[in-house]
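The values are calculated or read from the model by the stated rules, or taken from the named source; none is laboratory data. Because the structure is predicted, anything quoted here is derived from the model rather than measured. Using ideal geometry, Cβ is built from the backbone for each residue, glycine included, and neighbour counts are taken over all protein chains shown. Protein only, heavy atoms only, side chains kept; ligands, DNA and RNA dropped before computing areas. Shrake-Rupley method; radii C 1.70, N 1.55, O 1.52, S 1.80 Å.
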Amino acid sequence: MDEILNIRGISKKYEDLVVLDHLDLRVRSGEVVVIVGPSGCGKSTFLRCINALEKVDDGEVILDGKVIDPQDKHLSKVREKIGMVFQSYELFPHKTVLQNLVLAPVRVKKMNRKEAEKEALRLLERVGLLSKKNNYPRQLSGGQKQRVAIVRALMMNPEILLLDEITAALDPEMVREVLEVVLDLAKEGRTMIIVTHELPFAKAVADRVVFIDGGRIIEEGEPKDFFEHPKTERLRKFLHSFTYE
Amino acid sequence: MGFELLLKGNNLGRLFGGLAVALKISLLSVCISLILGTVLGSLMNDRHPLIKGVLRGYLEIVRLMPQLVLLFLAYFGTTRVLGINISAETASVFVFSFWGTAEMSDLVRGALSGIPAAQYESSMALGLNDVQTLVFVILPQIIRRMLPLSINLITRMIKTTSLIMMIGIVEVLKVGQQIIEANRKIDPNAAFGIYFTVFVLYFAVCWPISKLSKYLEKKWEA
């Protein structure tokens, strides 16, 4: 399979605190990479560096063979290709679900509004929220909001999707409805980088799991090996912190 | 009770004329305040400590100083010291705008800082550029937060125009006073009827505005 994303030696510091320390990651088209690690290990910062919401101090991100330049005036053209879903949903509160979904396709992709709406309705139906199309975000539950946020990112038909702890703010009973949508996307062959604390989900969805700690990749592997035969002591400890025995 | 005086001569018409003067001054001031307040308000979150400090100081001064003192200062004070001779109406518009701009800038600042950084980020992550993010995502939210509050400011301004008669402008309250004075001998009870009418006029103007603000608040924040 073709390589779609190549991250080379990115580093990031906040004053004296090293958040990312020369991280490398290659992602192939259609691959689902799940990133796990303790809180504050730099997972989220890592995702935000990919679409240049954070500027890296060193290293580069290469998408489709082109280096992403954070100074580029046409950075928004690059961001179009990278979908992102946030922990706190960040739907636009003054717009209805449907308006949230068609804003970027109409304004950025210059898509015909009728067509954009048709596509939005098709995707809403797929995630079971067709009946909510004219509701405002405040009228939805957290799980519903997050499903809309996923659809909003899909509307741009991105080459790669970044999911940043998308279930961390949800009540437990809503986690599943969101993760099922993600599993569905994985089956469809979407390229995704997922940061999550839901280890059973990581195991189910990932082609490859990456463990980050202290701003570095400590270990990575296929889910079965990763969870059942961790090679490093740090990963063993991390995995153990999720079990009660 | 004094109401009969309203029908005498052109008294009622004169009261309406006075009201028009008050409305003209407040609406002109509101427009100026809206524009300048938006500019200053977006600067108030500036990182530069000097800009921030000056704007904070300005807001504090305007809040603490009675509008009447500002009116006297602008109208009587400047004439001799600065040698400029501005009309009472100009002085009023100046003072009301000076006051309104400060209040409005604080509203804009509050509305701006109430929008989470992630709203900008999620918009940009979708591929919207800076201008599109501002126009389609941020500004509509700011306007929704601010409009009910700025409408409130408008009613406060209209009410406060009752002070401008102190610098010689014949607005609705002054007209009322004149009618009462002129008829003191024939109708000693004039004060009640006329001032009550003035009250009703203020109410008739401010009440719908206040209702509109309530309506918008409900519509957008429910």
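Close Cβ contacts (under 6 Å, 6 or more residues apart or on different chains) running from residues in segment A:104-116 that are more than 8 Å from chain B (Cβ to nearest Cβ) to residues that are open to solvent by 60 Å² or more (accessible area, probe 1.4 Å) comprise A:V106/A:R113. The condition (being within 14 Å of another protein chain (Cβ to nearest Cβ) and surrounded by 19 or more Cβ atoms within 10 Å (Cβ to Cβ)) is satisfied by just one residue among B:G114, B:G127, B:G176: B:G127. Among the conditions (1) touching a Gly at 6+ places or on another chain (Cβ under 7 Å); (2) assigned to a strand (DSSP E or B); (3) within 14 Å of another protein chain (Cβ to nearest Cβ), A:S11 misses just one, which is (3). For A:E245, indicate whether it is open to solvent by 10 Å² or more (accessible area, probe 1.4 Å) and within 20 Å of A:T45 (Cα to Cα). Answer is no for this residue. Of all the listed residues (B:S122, B:S113, B:S97), the sole one being of a type outside the set (D, E, K, R) and over 30 Å from the mean Cα position of the chain (by Cα) is B:S122. Where helices (runs of 4 or more DSSP H) fall wholly inside segment B:63-137, the ranges with 2 or more residues that are in contact with a helix residue (DSSP H, G or I) (Cβ under 8 Å, 6 or more places away or on another chain) and free of Cβ contacts under 8 Å to residues at least 40 places away in the same chain are B:88-113, B:117-125. For segment A:39-80, filtered to residues that are outside any helix (DSSP H, G or I), open to solvent by 70 Å² or more (accessible area, probe 1.4 Å) and within 14 Å of chain B (Cβ to nearest Cβ), the residue that is modelled with the highest pLDDT is A:K55.
Checked against the criteria, B:R156 counts as away from every other protein chain (no Cβ under 14 Å), among the basic types (K, R) and open to solvent by 70 Å² or more (accessible area, probe 1.4 Å). B:I151 falls short on exactly one of the conditions (1) under 28 Å from B:R56 (Cβ atoms); (2) open to solvent by less than 20 Å² (accessible area, probe 1.4 Å); (3) facing another protein chain (nearest Cβ under 7 Å), and that condition is (3). B:Q177: in a helix (DSSP H, G or I) and within 30 Å of A:L154 (Cβ to Cβ), yes or no? Spelling it out, it is not the case that B:Q177 is in a helix (DSSP H, G or I) and within 30 Å of A:L154 (Cβ to Cβ). Within segment B:130-148, take every residue that is more than 7 Å from chain A (Cβ to nearest Cβ) and open to solvent by less than 30 Å² (accessible area, probe 1.4 Å) and give me the one that is farthest from B:I209 (Cα to Cα). This residue is B:T133.
Condition check ((1) over 25 Å from A:F226 (Cβ atoms); (2) in contact with a Leu (Cβ under 9 Å, 6 or more places away or on another chain); (3) touching a residue at least 12 places away in the same chain (Cβ under 8 Å)) across all residues:
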residue	(1), (2), (3)
A:L17	yes, no, no
A:L20	no, no, yes
A:L23	no, no, yes
A:V27	no, yes, yes
A:T45	no, yes, yes
A:I50	no, yes, yes
A:K81	yes, yes, yes
A:S88	yes, no, yes
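The set of residues in segment B:189-209 being touching a Gly at 6+ places or on another chain (Cβ under 9 Å) and open to solvent by 10 Å² or more (accessible area, probe 1.4 Å) consists of B:N189, B:A191, B:F192, B:Y195, B:F196, B:T197, B:L201.
Filtered by the rule that a residue be farther than 15 Å from B:R109 by Cα and either touching a residue at least 12 places away in the same chain (Cβ under 8 Å) or open to solvent by less than 60 Å² (accessible area, probe 1.4 Å) (or both), segment B:29-52 gives B:S29, B:V30, B:I32. For the condition small (G, A, S) and on the phi > 0 side of the Ramachandran plot, B:G2 qualifies.
Here segment A:201-242 is the region considered, the condition is being touching a helix residue (DSSP H, G or I) at 6+ places or on another chain (Cβ under 9 Å) and open to solvent by 100 Å² or more (accessible area, probe 1.4 Å), and the residue that is farthest from A:V175 (Cα to Cα) is A:K231. For residues in segment B:186-222 being free of Cβ contacts under 8 Å to residues at least 12 places away in the same chain and not in a helix (DSSP H, G or I), which is nearest to B:A22 (Cα to Cα)? Restricting to residues being free of Cβ contacts under 8 Å to residues at least 12 places away in the same chain and not in a helix (DSSP H, G or I), the top hit is B:P188.
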